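Here's the structure, in C-alpha cells; my notes come after.
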Amino acid sequence: MRIFIGVAWPYANGPIHLGHIVGAYLPADIFARYQRMKGNEVLMVSGSDEHGTPITITAEKEGKSPREIADRYHRINSEIMEKMGISFDLFFRTSHPHHAEVVKRFFLRLMERGYLYRDKMILPYCPNCKRFLPDRYVVGTCPYCGYEKARGDQCDNCGRTLDPKDLIDPKCAICGATPEFRESEHVFFALSKLEKRILEWLTDKVYWRDNVINFTRNFVKGGLKDRAITRDIEWGVEVPLPGFEKKRIYVWFDAVIGYLSASVEWSRITGKSWRAFWIDRNTKHYYFLGKDNIPFHTIIWPAMLMGYGELNLPYNVVANEYLRFSGEKFSKSRGIGVWMPELLSMFDPDVIRFYGTVNMPEHRDSDFTWDDFVQKVNEELVDKFGNFVHRALIFTYRHFGEVPKRHSLDALDEEALEKIKVTKEKMEEYLDKVELKKAFREWMELARFGNVYFDRKAPWALLKSDRERCETALNISLHIVKALAILGAPFLPFSAEKIWKYLGYDDSIFQHTWDESLTALPEGMKLREPKVLYTKIVREEESFDRWNLLDLRIAEIKEVKEHPNADQLYILTIDLGEESRTLVAGLKNYYPANELLGKKIVVVCNLEHANFRGVESQGMLLAGEDENTVAILTPQGDVKPGTRVQASGIYSEPPPVLKFKKFKKLKMEVVDIQDSKVIGSSEYRIEYPIPEEWKGKQGVVFLDKKPLLLHVGKVLISPEKRVKRGGKIR
RNA sequence: AGCGGGGUGGGGUAGCCAGGAAAUCCCGCCGGGCUCAUAACCCGGAGAUCGGUGGUUCAAAUCCACCCCCCGCUACCA
C-alpha cells in the first residue's frame, strides 16, 4: 500500500516552536516511520509557506525584502526539522518557481472546469501605503458595540464578523491613514458549487477524530460561500490571467497546492512517480495539522481537489489540539513558550520527542511545564526505559560480550515473548488509528515489563548458579531490548539507532521491518560497548542556591549509648538549645563513646527523620572523611548549642523538611584554608573576609553556585581531626 | 460575549463517544525485596461516595437535564 502524508506548512515568518512540532510534525513523522517499517511506500512532504501579507510586513519593518525573510525562516525551520529527525521526503517551499508552475496549472484547470470566476469587489485601499489592505489591517469602531479597536474582519469585543466597510472611522492598521474603498476585480473559487459533493464525501468519515469531524460538520452547516483567491499584493504566485499582473494568488490557495507541487518536485528529484501517490486509488492520504487548520484540509482543499478532478482526496485528516505553555498559549511577543532552537541546544531530539509524544494534545489541549518535562523525562524515559536497556546491555556485554544462547524456556520466558508479541499487536492497532499516545503507552509498558523480567530472573545470581538459564535470561532480555528498539523507532529514532549498534548490528535499524521485533537475535552476535542512553536532567534551580535547603546548627552531645541491635551505631542525645533530640550515628568504629561526650557538633536539623533498626534518628551529624579517617565537624571555639551555622556569612532559609535524596545531592568538602583561596579537591576562591586565625586551618566548603565556607560568626567549623583535603562530608 | 476544553485517591492523569462485576498510569506516602544497572529497579499496602442535584436503565465516572466551579482561545494561526 502507498501512504501519502501531508503536513501543514509552517509559515515562514518566524521559527517554529514546540507546539508546532508536537501538534503536527512529530505525529506525522512517527506515523511515517511506522508505515515505512511496515513495508508501505510512504511519501511525506511539507514546506515553508512563504507568501502573504504578514511576511511582507515583517520585511518592511526590518527593511528587507520578503524573499530575505522567507529565506531566513525557511533555512531555520528546515534545520529544525532535520535536527528533530522529521523524515520528510521533501521539505519544499512555496516561493520555488516549480511550485508556482504547479499552482498556475491547477488554477487554470479549475478555471477551465468552471470552478473559478471573476468578479468585482470593493476593498479598502490605503492611499498612504499605496496598497489594498487585508481586512484585518483595517481598524475602527465597531458599528454594533462601539468598541474602538475592532478589526475589519471581526470585532474583538462583541465577536461579530465584520466587513471593513462597516467600520466607523476606519484606519489603516499600518500607518493610521484613512483608507479609501476602491473597486478591484478578483478571481473567486466556487465553493458553493461543491458543497453537496463535500457533504457527501464527509458522510463516511466516521473514523476521523471527533474534533475534526465535529468542527467540519459545524463549518459546513452554515453553508459554503465562494471565496476570493486573489489579492492586491505583489508577493505571491502570479495570477495566470491577463489584467491581473498586479495581483497575486491568495496564500491559503497556493499553500495547500504545495502538497501537490512538493510531490511533483520530489518526483522530479528522485525520478519516482508522484502519480502513483496522487492518481492511483490504492493510496491513502493522511494530513497532519493543528486544529486551526482543520477547515482548509477538510473542506477547502478537498473541494479544490474535487474541482481539479482525478486526484486523491484526504483519507484522514489528523488534527491535534494545542500545546500550551504553563497554561498559556505560546506567544512570541509575550515571551511565552519554548522555541525549538533553544530546546535543541539543551536536549537531545529524542528527549524532546519523548515528551512531545507523552504530552501530545491528541484529544484536548495539553500543557507544557518545565516541572512536568523534567519529571517525565527523568522518571519514565531515563529511569524506566533508559535504565532497563542499559542494565540488560551492559550486563551481557561484560559477562558474555555477545548475544548468549537461548536454551529451554520456562514459563516466564514464554510470558516475555508473548508480551513482546502482544505489545507489537496493540501498538499496530493504535498506530493504524493514529492513536500515538496510546501506542506509546503500550511501548512504555513493555519497558516496564523488561525491568520486571530482569528482576525476576536475576541474571547476576544465575551467572554463578546456572549459566544456561542465565544465558537464556539475557538472550530474552536482549530480545526485549531489540523489540523496544524496533517498536520505539518511530518515536525515538535516534535512540533506536544507538541501541541497534550496541546490539551488534552494523546497518541501520530503519532497514529492518516492524515485524522483526518478533524474531530472536542471532546468537553469538558480538555486542558493542553500550553507553548510557540518556542522562537525567538537572534543574538549574537545583544547581545553585542549594544552601537554602540546609538547616545546620550547632549541638552538644549530652549522652552516648550503644545501639542495642546494631554494632556500628551510637544513639546520641543532643542539646540543640531549645530542644533535645536523638541522633543515630555510625561512629562506633571511629570514636569511643567517652570521647564524643560533651563534644560540640554540626547537625542537619531539617533532614527527614529516619529509622535505624528501630531507633528514630532526628537529624544527622556531619563529619568529614577520607579513605582512613572519619572526623566529626566541630566549631573551633565556644558556641552555644542551637546556634545556626552560616556559609560565608549567609544564614539559610531552609524548608521545614529536607528529603534525604535531595540532601545526598548537596556537596561539601574539607579544605585547607590559605587565605581567600582554599584548597579542596580543587582550588576555590571564597568571597568572604577570612580572619587571620582561620588561615592554615582546615575548614568546610559548601559547593553552591559559588563556594561557601561554613562558620558561626567568628568561629570556624572544622573537622575535629585532620582529614585529607577534598575529603567528603557525610 | 462567542467558541472550545476541563472538574476522577495528596498532585498530575487514563477511562467517558460504542454504559456492566476489583476505576488506569506517573509522582508522592507507608512497608518490604534486590544490588546487574544512570541512588536505578522490583514487590506489597493505605488512599477516590469519579464537581453537585435530579433523571433514563436490571446496571452510570460513562447517557440525558439543570446547576456550581476552573481554564484556554478569539488570529504572531500547531
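The values are calculated or read from the model by the stated rules, or taken from the named source; none is laboratory data. Remember, it's a predicted structure, so these values are computed and weren't measured experimentally. Ideal geometry is used to build each Cβ from the backbone, glycine not excepted, and the neighbour counts take in all protein chains shown. Areas reflect the complete protein model, heavy atoms only, side chains present, ligands, DNA and RNA absent. Shrake-Rupley method; radii C 1.70, N 1.55, O 1.52, S 1.80 Å.
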I'm trying to understand the selection: among the residues of region A:366-382, which are open to solvent by less than 50 Å² (accessible area, probe 1.4 Å) and not in a helix (DSSP H, G or I)?
A:366, A:368, A:369
Considering residues that are within 14 Å of residue A:469 (Cα to Cα) and in a strand (DSSP E or B), the number found within region A:390-404 is 0
From the list A:424, A:419, exactly one residue is open to solvent by less than 40 Å² (accessible area, probe 1.4 Å) and either more than 11 Å from RNA strand B (Cβ to nearest atom) or small (Gly, Ala, Ser) (or both). Which is it?
A:424
Got at least one residue in region A:519-539 being away from RNA strand B (no atom under 16 Å from the Cβ) and without any contact (Cβ under 8 Å) to a residue 24 or more places away in the chain?
yes
Does region A:120-140 contain any residue that is over 22 Å from residue A:246 (Cβ atoms) and modelled with pLDDT under 80?
yes
Determine if region A:104-118 includes at least one residue that is surrounded by fewer than 20 Cβ atoms within 10 Å (Cβ to Cβ), closer than 24 Å to residue A:184 by Cβ and touching a strand residue (DSSP E or B) at 6+ places or on another chain (Cβ under 7 Å).
yes
Of the residues that sit in region A:444-470 and are free of Cβ contacts under 8 Å to residues at least 12 places away in the same chain and farther than 12 Å from residue A:391 by Cα, which one is least open to solvent (accessible area, probe 1.4 Å)?
A:462
Looking only at region A:490-513, how many residues end up being surrounded by 17 or more Cβ atoms within 10 Å (Cβ to Cβ) and either in a loop (DSSP other than H, G, I, E, B) or within 13 Å of RNA strand B (Cβ to nearest atom) (or both)?
11
Taking the conditions exactly as written (surrounded by 22 or more Cβ atoms within 10 Å (Cβ to Cβ) and within 7 Å of RNA strand B (Cβ to nearest atom)), does residue A:387 satisfy them or not?
no
Just to be sure before I move on: is residue A:516 among the acidic types (Asp, Glu), within 16 Å of RNA strand B (Cβ to nearest atom) and part of a helix (DSSP H, G or I) in the structure I sent?
no
Exactly one of these conditions fails for residue A:52: (1) within 12 Å of RNA strand B (Cβ to nearest atom); (2) open to solvent by less than 10 Å² (accessible area, probe 1.4 Å); (3) at negative phi. Give me its number.
(3)
Is it the case that some residue within region A:561-583 is on the phi > 0 side of the Ramachandran plot, under 47 Å from the mean Cα position of the chain (by Cα) and in the same structural domain as residue A:632 (by TED's automatic domain parsing)?
no
Considering only residues that are closer than 19 Å to residue A:701 by Cβ, loosely packed, with under 15 Cβ neighbours inside 10 Å and at pLDDT below 80, which ones fall in region A:618-655?
A:649, A:650, A:651
Members of region A:194-233 that are open to solvent by 90 Å² or more (accessible area, probe 1.4 Å), more than 15 Å from residue A:297 (Cβ to Cβ) and in contact with a helix residue (DSSP H, G or I) (Cβ under 8 Å, 6 or more places away or on another chain):
A:197, A:206, A:225
Report, by residue number, each residue of region A:589-617 that is open to solvent by 50 Å² or more (accessible area, probe 1.4 Å), outside any strand (DSSP E or B) and farther than 13 Å from residue A:558 by Cα.
A:589, A:590, A:592, A:608, A:609, A:613, A:614
